[in-house]
Amino acid sequence: MKTFKDFVNKKQTTKVEGVPTFQQVLEGAGSSCMSEMMMEKMNEMYESMCSEMKEIHEDETERTAESYCAEAEGKMMEMLKEMKGTCESYMAALH
(Lines give C-alpha, C1' and ligand atoms only; values in the text may rest on other atoms or scores of the structure.)
Protein backbone atom coordinates (compact mmCIF):
# COMPACT_ATOMS: atom_id res chain seq x y z
CA MET A 1 0.00 0.00 0.00
CA LYS A 2 1.33 3.43 -0.92
CA THR A 3 1.76 6.04 1.75
CA PHE A 4 0.94 9.71 1.28
CA LYS A 5 4.68 10.38 1.07
CA ASP A 6 4.97 7.91 -1.84
CA PHE A 7 2.07 9.64 -3.58
CA VAL A 8 3.59 13.11 -3.06
CA ASN A 9 6.93 11.98 -4.48
CA LYS A 10 5.32 10.54 -7.61
CA LYS A 11 6.64 12.19 -10.77
CA GLN A 12 4.13 13.90 -13.04
CA THR A 13 4.31 12.28 -16.48
CA THR A 14 2.64 14.98 -18.54
CA LYS A 15 3.11 18.73 -18.43
CA VAL A 16 0.50 21.18 -19.65
CA GLU A 17 1.85 24.64 -20.46
CA GLY A 18 0.88 27.16 -17.79
CA VAL A 19 -0.50 24.56 -15.36
CA PRO A 20 1.59 23.90 -12.25
CA THR A 21 2.74 20.36 -11.53
CA PHE A 22 1.42 18.55 -8.45
CA GLN A 23 4.75 19.16 -6.71
CA GLN A 24 4.62 22.90 -7.52
CA VAL A 25 1.13 23.14 -6.01
CA LEU A 26 2.33 21.34 -2.87
CA GLU A 27 5.19 23.83 -2.63
CA GLY A 28 2.77 26.75 -2.95
CA ALA A 29 3.67 27.66 -6.53
CA GLY A 30 0.42 28.02 -8.42
CA SER A 31 -3.03 27.92 -6.98
CA SER A 32 -5.09 27.15 -10.07
CA CYS A 33 -5.54 24.06 -12.19
CA MET A 34 -6.51 26.20 -15.18
CA SER A 35 -3.76 27.61 -17.33
CA GLU A 36 -3.28 31.36 -17.58
CA MET A 37 -3.98 31.05 -21.31
CA MET A 38 -7.41 29.51 -20.63
CA MET A 39 -8.24 32.18 -18.05
CA GLU A 40 -7.29 34.87 -20.59
CA LYS A 41 -9.51 33.24 -23.22
CA MET A 42 -12.41 33.17 -20.78
CA ASN A 43 -11.90 36.86 -19.96
CA GLU A 44 -11.75 37.70 -23.68
CA MET A 45 -14.97 35.77 -24.26
CA TYR A 46 -16.66 37.64 -21.40
CA GLU A 47 -15.61 41.02 -22.78
CA SER A 48 -16.72 40.09 -26.31
CA MET A 49 -20.08 38.86 -25.05
CA CYS A 50 -20.69 42.07 -23.09
CA SER A 51 -19.85 44.11 -26.18
CA GLU A 52 -22.15 42.01 -28.37
CA MET A 53 -24.92 42.20 -25.75
CA LYS A 54 -24.68 46.00 -25.73
CA GLU A 55 -24.90 46.13 -29.54
CA ILE A 56 -27.95 43.87 -29.57
CA HIS A 57 -29.62 45.84 -26.80
CA GLU A 58 -29.10 49.11 -28.67
CA ASP A 59 -30.13 47.96 -32.17
CA GLU A 60 -33.52 48.51 -33.79
CA THR A 61 -34.87 45.05 -32.93
CA GLU A 62 -36.85 43.96 -29.89
CA ARG A 63 -33.89 41.98 -28.58
CA THR A 64 -32.62 43.12 -25.18
CA ALA A 65 -29.62 42.65 -22.94
CA GLU A 66 -31.83 40.49 -20.74
CA SER A 67 -32.71 38.09 -23.57
CA TYR A 68 -29.05 37.95 -24.65
CA CYS A 69 -27.95 37.19 -21.10
CA ALA A 70 -30.57 34.44 -20.74
CA GLU A 71 -29.48 32.81 -24.00
CA ALA A 72 -25.80 33.05 -23.04
CA GLU A 73 -26.51 31.58 -19.61
CA GLY A 74 -28.34 28.64 -21.19
CA LYS A 75 -25.42 27.91 -23.51
CA MET A 76 -22.85 28.20 -20.71
CA MET A 77 -24.88 25.91 -18.45
CA GLU A 78 -25.10 23.37 -21.29
CA MET A 79 -21.31 23.48 -21.76
CA LEU A 80 -20.73 23.24 -18.00
CA LYS A 81 -22.98 20.18 -17.81
CA GLU A 82 -21.00 18.54 -20.63
CA MET A 83 -17.71 19.46 -18.95
CA LYS A 84 -18.89 17.92 -15.66
CA GLY A 85 -19.82 14.74 -17.55
CA THR A 86 -16.34 14.61 -19.05
CA CYS A 87 -14.84 15.19 -15.61
CA GLU A 88 -16.86 12.32 -14.17
CA SER A 89 -15.67 10.00 -16.94
CA TYR A 90 -12.05 10.99 -16.21
CA MET A 91 -12.56 10.37 -12.49
CA ALA A 92 -14.23 7.00 -13.15
CA ALA A 93 -11.26 5.97 -15.30
CA LEU A 94 -8.96 6.51 -12.29
CA HIS A 95 -10.78 3.89 -10.24
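How many of the residues making up the stretch 55-95 are out of contact with any helix residue (DSSP H, G or I) (no Cβ under 7 Å at 6 or more places or on another chain) and assigned to a helix (DSSP H, G or I)?
Residues meeting the conditions: 28.
Residues of the stretch 19-56 being surrounded by 11 or more Cβ atoms within 10 Å (Cβ to Cβ), small (G, A, S) and either within 28 Å of A72 (Cα to Cα) or modelled with pLDDT of 85 or more (or both), which ones?
Within the stretch 19-56, S32, S35 meet the criteria.
What are the residues in the stretch 51-95 that are hydroxyl-bearing (S, T, Y) and farther than 19 Å from C33 by Cα, if any?
Correct list: S51, T61, T64, S67, Y68.
Pairs needed: first member in the stretch 38-66, on the phi < 0 side of the Ramachandran plot; second member anywhere, not in a helix (DSSP H, G or I); C-beta distance under 6 Å; at least 6 residues apart or different chains.
These pairs meet every condition: I56/R63; H57/T64.
Scan the stretch 68-95 and report the pairs whose first residue is on the phi > 0 side of the Ramachandran plot and loosely packed, with under 10 Cβ neighbours inside 10 Å and whose second residue is of a type outside the set (S, T, Y) and part of a helix (DSSP H, G or I), with Cβ atoms within less than 9 Å and a gap of 6+ or a chain change.
Hits for this filter: zero, empty list.
The values are calculated or read from the model by the stated rules, or taken from the named source; none is laboratory data. These numbers come from a predicted model, not from an experiment. When we count neighbours, we look across all protein chains shown, and the Cβ atoms used for this are built from the backbone with ideal geometry, even at glycine.
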